[in-house]
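Asks: Take this structure first; my questions come after.
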Amino acid sequence: MGAQWKQAGREEAAQKKGQIVSKLVREIMVAAKLGGGDPALNARLAVAVEKARKSSVTRDTIERAIKKGSGQTDEPVNFETITYEGFAPHKVPVIVECLTDNRNRTAPDIRNLFKAGTLGQPGSMAFFFDRLGIVEATHTDASRDPEGDAIEAGAQDVGPLETSEIPAGSIGATFSTDVKDLAAVTSWLAKAGWKISASELRHVAKNPVQLADAHRKEVTDFLNALDDHDDVHRVYVAL
């Protein structure tokens, strides 16, 4: 049994890696379609390419995705963004963004996942979230003033960067913007020497729900089931 269990684990890990690569490639294609194939002029594409590289996606795969998304091949890119809203277990609001080329396949799958979750159910969750532009970035100058740069860039607010991947001797910050200002703020920060690790529109919870540890595990299991679906691109939760 031990050998079989190990083999099953390797197969599951390989499947998971393939799923991650597929989602990263899909994001590259959509970013290139919406903003063009030059990462220097397309912040969303630049971030998508960097994430793909960190996940060991090959250069050939990245280049093919950019060419396909930007219309340099005869293969059309027909992905559309579809949003689903509902409650996770224990009445935790959730918004799910999908990138799909077949909404007739995706919609029933997501509805079934909500039904399968304990108390999971569809409903309108927009009230519980703000729609904001979010820029996550690091700067090699540890004495840099993020608040001053936020004001200069035209960001609404700035806070700490919640990640352990801040290089030694650098600082990190998360800038929030109006939806319409995301591209301009990202461009200003990049020119000021900030290395952008994320530049995207997000649903940000207004009042995160407080849960006991036992309840949190149920919510986490439900969210993982959503995130494991091939078409799910982003999962936002009020935690």
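The values are calculated or read from the model by the stated rules, or taken from the named source; none is laboratory data. Note that the coordinates shown come from a computational prediction; the quantities given were computed from them, not determined experimentally. For neighbour counting, all protein chains shown are included, and Cβ atoms are generated from backbone atoms with ideal geometry for every residue, glycine included.
Asks: Among Asn112, Asn102, which is the only one that is closer than 21 Å to Val237 by Cα and out of contact with any Pro (no Cβ under 9 Å at 6 or more places or on another chain)?
Replies: On the way: Asn102 fails: closer than 21 Å to Val237 by Cα.
Answer to the check: Asn112.
Asks: Further question: Here are some conditions: (1) surrounded by fewer than 20 Cβ atoms within 10 Å (Cβ to Cβ); (2) modelled with pLDDT of 95 or more; (3) not polar (S, T, N, Q). His139 meets all but one. Which one does it not meet?
Replies: Of everything listed in (1) surrounded by fewer than 20 Cβ atoms within 10 Å (Cβ to Cβ); (2) modelled with pLDDT of 95 or more; (3) not polar (S, T, N, Q), His139 misses just condition (1).
Asks: Cβ-Cβ below 7 Å, separation at least six or inter-chain, first residue in region 122-145 and over 21 Å from Val47 (Cβ atoms), second at pLDDT below 95 and in a helix (DSSP H, G or I): which pairs?
Replies: Correct list of pairs: Pro122/Arg111; Pro122/Phe114.
Asks: If I ask for residues that are surrounded by 13 or more Cβ atoms within 10 Å (Cβ to Cβ), in a loop (DSSP other than H, G, I, E, B) and either of a type in the set (D, E, K, R) or modelled with pLDDT of 90 or more (or both), which ones from region 93-118 would you list?
Replies: Residue satisfying the conditions is Asp101 alone.
Asks: Within region 70-83, identify whether any single residue is of a type outside the set (S, T, N, Q), surrounded by 20 or more Cβ atoms within 10 Å (Cβ to Cβ) and touching a helix residue (DSSP H, G or I) at 6+ places or on another chain (Cβ under 9 Å), and answer yes or no.
Replies: First, the residues of region 70-83 that are of a type outside the set (S, T, N, Q): 71, 74-77, 79-80, 82.
Adding the requirement that they be surrounded by 20 or more Cβ atoms within 10 Å (Cβ to Cβ) leaves none.
Checking region 70-83: not a single residue is of a type outside the set (S, T, N, Q), surrounded by 20 or more Cβ atoms within 10 Å (Cβ to Cβ) and touching a helix residue (DSSP H, G or I) at 6+ places or on another chain (Cβ under 9 Å).
Asks: Only one of these conditions is not met by Glu136: (1) under 22 Å from the mean Cα position of the chain (by Cα); (2) closer than 18 Å to Tyr236 by Cβ; (3) assigned by TED's automatic domain parsing to the domain that holds Leu223. Which number is it?
Replies: In the conditions (1) under 22 Å from the mean Cα position of the chain (by Cα); (2) closer than 18 Å to Tyr236 by Cβ; (3) assigned by TED's automatic domain parsing to the domain that holds Leu223, Glu136 misses (3) alone.
Asks: Looking at (1) touching a helix residue (DSSP H, G or I) at 6+ places or on another chain (Cβ under 8 Å); (2) closer than 19 Å to Ser143 by Cβ, which is the one condition that is false for Ala183?
Replies: Here Ala183 clears every test but (2).
Asks: Could you list all residues from region 46-69 that are surrounded by 14 or more Cβ atoms within 10 Å (Cβ to Cβ) and assigned to a loop (DSSP other than H, G, I, E, B)?
Replies: Hit for region 46-69 is Val57, nothing else.
Asks: Looking at Arg59 and the list (1) among the basic types (Lys, Arg); (2) outside the structural domain of Asp230 (by TED's automatic domain parsing); (3) modelled with pLDDT under 90, which single condition is not satisfied?
Replies: (3)
Here's the yes/no breakdown for (1) out of contact with any helix residue (DSSP H, G or I) (no Cβ under 9 Å at 6 or more places or on another chain); (2) surrounded by 15 or more Cβ atoms within 10 Å (Cβ to Cβ); (3) among the aromatic types (Phe, Trp, Tyr):
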| position | (1), (2), (3) |
| --- | --- |
| Gly148 | yes, no, no |
| Gly169 | yes, no, no |
| Phe175 | no, yes, yes |
| Lys191 | yes, no, no |
| Ile196 | no, yes, no |
| Ala205 | no, yes, no |
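Asks: Next up: Are there strands (runs of 3 or more DSSP E) fully within region 133-239 with at least 2 residues that are of a type in the set (Phe, Trp, Tyr)? List them.
Replies: Values: elements: 157-159, 171-177, 195-205, 232-237.
Those strands (runs of 3 or more DSSP E) do not exist here; none qualify.
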